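Structure first, then comments.
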Amino acid sequence: MTEIETRPTDDGWEPVLAAALLGAERAPPAAPGPVADLVAETDSGGALLARLAAHGALHRAGTGLGAEALVPLPPREVFGPECPPAAATRLHGILVGDYVVRKHLAEWCELAAEAGLRPPAWLLPALAAQRNTLPEAIDRIAGPELAWLARVCGEAPATATEGPADWTEGTPGERRAAFAAFRARDPEQARAALETRFRKEKADLREALVYGLEIGLSEADETFLEACLDDRASGVRTAAQRLLPRLPGSRFAERMAERARAALAIAGEGGPDGTTPTLVVTLPEESPALLRDGVEGNTWKVRNGGARSVLLEGILARTPLSVFAEHPPRLWIALALASEWSEPVLDGLSSAVGRSLDPDWTQAMADVLAEAYAEKLPGVRRTSQLLDRWAQALDLLPDAAWEARVAELIRARRIEVVTTMLAHGPERFSEPFSATLLDWLALVSRGSDSLRQTLAKGWTVERLGERLWPSADATAGAAAILAHLGEAEGTRLRNQLTALAETLALRVAMRGDFEPETGTGEDARA
């Protein structure tokens, strides 16, 4: 029989174990130290059990590991000073809260980064669990600490940050991420490296790597993307078809321009003969060349020109707007609105404007559609579809321009139009526009039943709390609107205003958490 060597330990386990065998009353007093401080029980039995738990856990720690496992932890890098306790408590509530509360995690991280503060170490594990959802926001305030935590827990290789990863090695996900990083560092070299081994890769990875060219996309990528249009994998072809329209000088753009000129023209330009300009539309035919460029008809579409109108929309959506430079944008849009082919032409042009964000076209879209909805254009009727199209056009404007136009509509008290516009627009409103919007909400909520019912449509109001400028005045204004809402009002608008007020109050409180404490009274004078 092998004799098992036993050695006394120098922690508190041996006396506690002896006491457990002899009786709690005969237990020797615990030696002073941090483990003994964990025992708060006053009765001998309870204190013994608490000491068993504390000293037992310490005694078992590291059991079975060799000496080589006991190595010092690498130093932990931290970002700035720790945030105030109130902000930490708020973050804990966000991390353990439901989906509605966790939506504010990005904003908390943004506030912490702006203040140059970091979360406390005890929240890092919970924060790490959300890193896949908000990698950039979380890494701004705790990236090095979370990387350190992952390394010491054996969840990431210690060499992960020693240099750029090799995009040719690893899982497909790792390779996609490494190629994206390579592309961000050196777009030319990344594409050249991809070309050398592209045909050896599997179809799904080829598709993902082509989409990766979106980072740093330039005319230099055109030849490779043009070749991808003939790839045997449909996913690769689709990826190239989505990137090539963003290269206005490419052969792809030239082909689309030629097709657009054949499909769309303006005749009778109001010259000496007095003719009125009209839009001439020639619906294109399906062809293998069109299909190669990603334009195909939908066989299920039977109205408004059927599949050929879908081809027209697809061509216009991929065409550079410079093709239409012969006439001002306003004329093209106005004629399209009055045309029997208004839907495919406007949809196609809107897609092209949304891709390029050309200032002249975005301005013209917003202006002409506003006039059309006001029934100031001959042959154009006011419809809900036209209102939606107008709202989408306004959404293409810069934030300040969008707010200016919607503020005009608010002053004109066009409630149905304003509620539609509010479904789009900036993610965050400016302080002046927020004040204007709250005044308008107060006015409408105290109006007639019809106005309140219109306001409650679409559940737009409840989402405004995330977008309004967070200030004490705004919070008070939202609370006042809710307080003055009549008791007879239905729950639909009340619930939305309640959500708005609560969200706004939460966002204001989050900002207060990061403000430095100021002393008062004797402390302030000291």
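Accessible area per residue was computed with a 1.4 Å probe on protein heavy atoms; residue 59 scores about 50 Å². Compared with the alpha-carbon gap, the fully stretched path from residue 229 to residue 185 is longer by 13.2 nm at 0.36 nm per residue. Take residue 278: with every protein chain present and a 1.4 Å probe, its accessible area is about 70 Å². Think of a 1.4 Å ball rolled over the protein heavy atoms: the chain then has 55 Å² of accessible area per residue. Ordered from largest to smallest accessible area (heavy atoms of protein chains, 1.4 Å probe), the residues 291, 48 come out as 291, 48. Size descriptors for segment 131-258: radius of gyration and Dmax over Cα atoms are 17.3, 61 Å. For segment 381-484, the alpha carbon positions stretch 40, 32, 22 Å along the principal axes, listed from largest to smallest.
Taking every alpha-carbon pair within segment 98-197, the share separated by more than 20 Å comes to 50 percent. Taking segment 105-125 and a reference point 7 angstrom along Cα→Cβ of residue 140, the backbone N atoms nearer than 15 Å belong to 105-119.
Shape summary of segment 93-143, radius of gyration then Dmax from alpha carbon positions: 10.0, 27 Å.
Using the empirical formula 2.2 N^0.38 Å as the baseline, the Cα radius of gyration of the chain reaches a ratio of 1.39.
Reported value for segment 321-360: 63 Å³ per residue, from the convex hull of its C-alpha atoms.
Stretched out straight at 0.36 nm per residue, the stretch from residue 131 to residue 218 would grow longer than its current Cα-Cα span by 28.2 nm. Per-residue SASA remark: residue 416, around 110 Å² accessible (1.4 Å probe; ligands, DNA and RNA not included). With R₀ fixed at 60 Å, the C-beta to C-beta distance from residue 431 to residue 22 puts the FRET efficiency at about 0.25.
Between residue 388 and residue 166, the simple spin-label model (points 7 angstrom out along Cα→Cβ) gives 5.2 nm. Across segment 170-190, the residues whose backbone nitrogen lies under 20 Å from the label position 7 Å along the beta-carbon direction of residue 200 are 170-180, 182-183, 189-190. Annotation: amide H of residue 469 within the under-5 Å range of 429, 434, sequence separation 5 or more or interchain, hydrogens built in the peptide plane. Solvent-accessible surface of protein heavy atoms, probed at 1.4 angstrom with all chains present, puts 111, 357, 91 in the order 357, 111, 91, largest first. Segment 180-250 and segment 279-296 have Cα centres separated by 24 Å. Dividing the C-alpha radius of gyration of segment 293-427 by 2.2 N^0.38 Å, with N its residue count, gives 1.07. Using the Cβ of residue 360 as centre and a radius below 13 Å, the other residues enclosed give a net charge of -1, where K and R count +1 and D and E count -1.
Evaluated on segment 183-258, the Kirkwood hydrodynamic radius is 12.4 Å, with distances taken between all distinct Cα atoms.
The alpha-carbon atoms of segment 356-421 define a convex hull whose volume equals 83 cubic angstrom per residue.
For residue 266, the amide hydrogen comes within under 5 Å of the amide hydrogens of 280, counting only partners 5 or more places away or on other chains and with H modelled in the peptide plane.
Between residue 36 and residue 363, the simple label model (points 7 Å from Cα in the Cβ direction) yields a spacing of 8.1 nm. Residues in segment 177-187 carry Karplus couplings, in order, of 5, 5, 5, 4, 5, 4, 4, 5, 6, 8, x Hz; the curve used is 6.51 cos²θ - 1.76 cosθ + 1.60 with θ = phi - 60°, and Gly or Pro positions show x.
Counting only protein chain heavy atoms and rolling a 1.4 Å probe, the accessible areas of 141, 415 rank, largest first, as 415, 141.
The values are calculated or read from the model by the stated rules, or taken from the named source; none is laboratory data. As the structure is a computational prediction, the values presented were derived from the model and not from experiment. Positions of Cβ are backbone-derived with ideal geometry, glycine not excepted, and every protein chain shown enters the neighbour counts. All accessible areas refer to the heavy atoms of the entire protein, side chains included, with ligands and DNA or RNA removed. Shrake-Rupley method; radii C 1.70, N 1.55, O 1.52, S 1.80 Å.
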